[in-house]
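Bear in mind that the values in this text are calculations on the coordinates, not laboratory data. This structure is a prediction, so every number in the text was calculated from the model and none was measured.
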Amino acid sequence: MPNIKALNHVAVVVADMNQALAFWRDALGMELSELRNVPAEQSQIAFLPLAGAEVELVMPTTDDSGIAKYLAKRGQGMHHLCLEVDDIAAMLAQLKAKGVRLINEEPRLADDGKRYAFIHPESTGGVLVELYQI
Ligand code: CO
């Protein structure tokens, strides 16, 4: 059985990364550990780590990506939470077997080597949930 190990990060969708960093990094004083473009998701992401979890900022870099549509429809705010799992393929199979609607049926590979997949909010009580295997 796959296990959830930790809350890895909470993600916020932002319209303007510099404006978001003016709050999270400069006003709150959180450390910015990473800022990079993710062409596969047509977005730019920033990570601000804390002791046990991170805040992720996500900004769309095109007008027609999923994240851009989300921003246009709902505006800035909470986007998803990410749970770390020890075996993402096994967890996706388990969720599928239980009738949970998945956005990614197979794990996707991030540039940093992490594997990730999203679970549809329809099956989670309205919260977009990301799974991570590090
Ligand atoms: Co995320």
| remark: Using the Cα gyration tensor of the chain, the equivalent ellipsoid's semi-axes, largest first and to the nearest Å, work out to 25, 17, 13
| said: Restricting to DSSP H runs of at least four residues, report the calculated mean residue ellipticity at 222 nm for the chain, -39500 (n - 2.57) per run over all residues, nearest 500 deg cm²/dmol. | reply: -5000 deg cm²/dmol
| request: Could you run the Karplus curve 6.51 cos²θ - 1.76 cosθ + 1.60 with θ = phi - 60° over the range 53-66 and give me ³J(HN,Hα) per residue in whole Hz, x for Gly and Pro? | output: 7, 10, 9, 10, 9, 10, 10, x, 10, 9, 8, 10, 6, x
| query | Where does helix 88-97 land angle-wise versus the long Cα axis of the chain, in degrees 0 to 90, nearest 10? | reply | 60
